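Just below is one structure, and these are the notes that go with it.
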Amino acid sequence: MLQINEIHAAEYEEHPQVVVSAPGRFHLIGENTWFFRDKALSMAIDVPVYVAVTKRNDSAVKMYFYQIDDRKKSNLTNLKFKKEDRWANSIKSVLYGYLSGGFELKGIDITVYSETLPSAGFGITTAIKVAVAKAIWHIFNFNINDAMMIQVIERGNRLFLKQDNHNADNFTAVYAKKNHLICTDYYKNSHELVPVNFNGYKVLLVDAKVPRYEMWNRETLYEPENALILGDLREDKKSALGGWQYINDVTDINEALSVVSEDTRRKLLCVIREHGDVLNAFASCEKDDFMHFARAVNHSHESLRDFFDLSCPEIEWLIKRVNEIDPSIEDVRDPVSCARITGKGFGRCMYAFLRNEDVEKFKEKLIDYEHIFGFKPECYEVHASDGVKIVYSE
């Protein structure tokens, strides 16, 4: 935190009025089902973004990203999306979100400090938006709350960036708690926290460094007709997280999905399976039951691979290495580890829950991976982190 104070002062010849941190994140299960108003299970991680802000006396906006030594300028009276501005567009979207909501702003100087760049994934772009939104709220002393701040970010996403808004991204960066996972319910526009305290386990994120590309255009699945089909397959269940689940009757499911193409049928089946995996993983965390949690994670990966066509040979090789670490385990129903591709905003990456004693064994396999595929992977050990917070204020 002290470092960004000094960097900001050197850049603008004035110490920041506020410094805010926001966490990175990854989605464990459900990140591809937002259109159907389902659920997503996510983890905020200790890969922070820091934002320092100082008010100006004019309408100018000056932005500096320390790690890439990049500077951008804009003006509150003429905020425009520019493709070449990349990371700075995220900041401008937040400013637009405030202005379009009737808030009065003055110009600001902003410094962004993040040892992980937005291109790596990890939810860094969302973290920048949330940190900027919190900092502006603070220095202008707006009478708002977290929910209203999220609405500001949503307006910026939809109206300025022309992007779909994903509640799981925003909720994770804002509401997360240390040693907890967060479940976003798109149907209720709400979230719930669940402790994750699997003693003896570590969480690894691996960027396989495989070129990012889409196997298929997901927008072809996001059609109102498909949402109506899945809506008819829901049933109320008070004991289930969120109060509902998809029906379990295979005959009824197959009949409902018989009106769509085989490719769409498989992908809608994946949506149904993902929802069940979120429920199972959440319940397993509540009971501190790693075995059933791992089953849900592994089952989710199989669904994305076999029904959603989202995996690739390199990811499959890495996940197989996770599952092979303990050769004495013969029954896949009792896993001692789990792994899954993690998709939206993360490209060709995976996460794994591994026993402490197995971490080095897995990292040794990464050397083989590089020799076989020619890509040098990056491996990060991460922990569940708190959401956005002010770390310094005048």
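At least 3 residues being open to solvent by 50 Å² or more (accessible area, probe 1.4 Å) is the threshold, and among the helices (runs of 4 or more DSSP H) wholly inside the range 93-206 those reaching it are 146-155. Can Pro211 be described as open to solvent by 30 Å² or more (accessible area, probe 1.4 Å), in contact (Cβ under 8 Å) with a residue 40 or more places away in the chain and not hydrophobic (A, V, I, L, M, F, W, C)? Here the answer is yes, as Pro211 does meet what is asked. Of all the numbered requirements in (1) over 25 Å from His138 (Cα atoms); (2) open to solvent by 30 Å² or more (accessible area, probe 1.4 Å); (3) β-branched (Val, Ile, Thr), Thr77 misses one, and that requirement is (1). Of all residues in the range 248-267, those that are free of Cβ contacts under 8 Å to residues at least 60 places away in the same chain have Cβ atoms under 7 Å from Cβ atoms of residues that are outside any helix (DSSP H, G or I) and surrounded by 12 or more Cβ atoms within 10 Å (Cβ to Cβ), 6 or more apart or on another chain, in Ile253/Leu233; Ile253/Ile247; Ala256/Leu233; Thr264/Leu221; Arg266/Phe307; Lys267/Leu221; Lys267/Phe307; Lys267/Phe308.
Yes/no per residue for (1) acidic (Asp, Glu); (2) open to solvent by less than 10 Å² (accessible area, probe 1.4 Å); (3) closer than 30 Å to Ala281 by Cβ:
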site: Ala10; (1), (2), (3): no, no, no
site: Phe26; (1), (2), (3): no, yes, yes
site: Gly30; (1), (2), (3): no, yes, yes
site: Phe35; (1), (2), (3): no, no, yes
site: Met43; (1), (2), (3): no, yes, yes
site: Val51; (1), (2), (3): no, yes, no
site: Val61; (1), (2), (3): no, yes, no
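A single member of Cys285, Cys270 is within 19 Å of Phe307 (Cα to Cα) and of a type outside the set (Gly, Ala, Ser), and it is Cys270. Only a single criterion out of (1) under 30 Å from Ser239 (Cβ atoms); (2) in a loop (DSSP other than H, G, I, E, B); (3) open to solvent by less than 30 Å² (accessible area, probe 1.4 Å) is not satisfied by Phe282, namely (2).
Taken over the range 365-386, residues that are more than 24 Å from Phe290 (Cα to Cα) and either free of Cβ contacts under 8 Å to residues at least 12 places away in the same chain or open to solvent by 10 Å² or more (accessible area, probe 1.4 Å) (or both) amount to 12. Here Lys237 fulfils each of the conditions (1) farther than 25 Å from Arg155 by Cα; (2) out of contact with any strand residue (DSSP E or B) (no Cβ under 7 Å at 6 or more places or on another chain); (3) at pLDDT below 95; (4) open to solvent by 30 Å² or more (accessible area, probe 1.4 Å) apart from (2).
Checked against (1) in contact with a Leu (Cβ under 9 Å, 6 or more places away or on another chain); (2) over 16 Å from Leu279 (Cβ atoms); (3) modelled with pLDDT of 90 or more; (4) not hydroxyl-bearing (Ser, Thr, Tyr), Lys162 passes all but condition (1). Look at (1) open to solvent by less than 20 Å² (accessible area, probe 1.4 Å); (2) farther than 20 Å from Phe36 by Cα; (3) modelled with pLDDT of 95 or more and you find that Cys270 fails only one, number (2).
For the range 105-121, the count of residues that are in contact with a helix residue (DSSP H, G or I) (Cβ under 8 Å, 6 or more places away or on another chain), among the hydrophobic types (A, V, I, L, M, F, W, C), at pLDDT below 95 and within 29 Å of Asp386 (Cβ to Cβ) is nonzero. When restricted to residues that are aromatic (Phe, Trp, Tyr) and either in contact with a Gly (Cβ under 7 Å, 6 or more places away or on another chain) or open to solvent by 10 Å² or more (accessible area, probe 1.4 Å) (or both), the range 299-322 contains 2. Consider the range 309-344 and keep the residues that are in contact with a helix residue (DSSP H, G or I) (Cβ under 8 Å, 6 or more places away or on another chain), among the charged types (D, E, K, R) and over 22 Å from Glu31 (Cβ atoms). The one that is modelled with the lowest pLDDT is Arg333.
The values are calculated or read from the model by the stated rules, or taken from the named source; none is laboratory data. Since the structure is predicted, the reported quantities are computational estimates derived from the model, not experimental observations. Ideal geometry is used to build each Cβ from the backbone, glycine not excepted, and the neighbour counts take in all protein chains shown. Calculation scope for accessible area: heavy atoms of the full protein, side chains included, ligands and nucleic acids excluded. Shrake-Rupley method; radii C 1.70, N 1.55, O 1.52, S 1.80 Å.
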